[in-house]
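See below for the structure under consideration.
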Amino acid sequence: SSDLEQLLPAVVNISTTQTVQRQERGGQGQQREGQRRGPDVPQFPPGSPFEEFFKDFFDRGQRPDQAPRRATSLGSGFVIDAAGYVVTNNHVIDGADADGITVKLQDDTEFKAKLIGKDPKTDLALLKIEPGNKKLSVVKFGDSAKSRVGDWVLAIGNPFGLGGSVTAGIVSARARDINSGPYDDFIQTDAS
């Protein structure tokens, strides 16, 4: 549809990098006997060959004297203003390095993004890119009060940077309270 053709270019891929610090074990970098190391190791009978395998697996790369490592994450967002404002989820950019957020458009153009603000309670974040002469497609916010059970909905994303993907469904329910926080008034859909 023409609506989808207008919306797809406004959906972007968000990639981030962050520096993950190694955790020291125990007091002064020493592990005390009986103290747990790293992630929980599955419990196997003493002497089981699996016991040693999983211990080695979970201990690999856990030395506190190693340099910090770089981690990456991917997610989706959408352009809300042609000046370069992009909305995404807070969990997508949470912990990202100051210069580690990249916005990739549908045509594979990439921009470094600046974090303008974030709200963990609503899981939203606002980014800003400098598009220069690039004309950005924009998504307009709708009025959720006008949505009704049975309305058709589209879910559009670009979480892997391979181009937008689209799925369809209906509004299954409104005013869902799932005990997730102070703003518990969700619209339930069956779109994937």
Quickly work out the Ser192-to-Ser172 label distance, labels modelled 7 Å from Cα along the C-beta direction, and quote it in nm with one decimal.
1.5
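Rank these by accessible area, largest first, 1.4 Å probe: Lys104, Lys146. List each step's numbers first, then the result.
Numbers: Lys104 40, Lys146 150 Å².
The residues order as Lys146, Lys104, largest area first.
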Largest first, how would Ile101, Ile156 line up by accessible area (1.4 Å probe)?
Ile156, Ile101
Listed residues Val92, Val149, Val138 arranged by accessible area, highest first, probe 1.4 Å
Val149, Val138, Val92
Accessible area of Asp97, 1.4 Å probe, to the nearest 10 Å²?
30
Only Cα pairs under 8 Å and at least 6 apart count here; give the relative contact order of the range 110-151 as a rounded whole percent.
29
Go ahead and run the numbers for FRET between Asp107 and Tyr183, Cβ-Cβ distance against an R0 of 30 Å, rounding to 0.05.
0.30
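Taking all protein chains in place and a 1.4 Å probe, what share, in percent, of the accessible surface of the range 95-159 do carbon and sulfur account for?
Taking all protein chains in place, the range 95-159 shows 54 percent carbon and sulfur surface.
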For the range 75-124 the mean separation of alpha carbon contacts under 8 Å (6+ apart) over residue count, i.e. relative contact order in percent, is 31
Mind checking the per residue accessible area of the range 135-179 for me, 1.4 Å probe, whole number of Å²?
73
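The values are calculated or read from the model by the stated rules, or taken from the named source; none is laboratory data. The structure displayed is predicted, hence computed values, not measured ones. Please note: Cβ atoms are built from the backbone with ideal geometry, for glycine as well, and neighbour counts cover all protein chains shown. Side chains included, ligands, DNA and RNA excluded: accessible areas come from the protein's heavy atoms. Shrake-Rupley method; radii C 1.70, N 1.55, O 1.52, S 1.80 Å.
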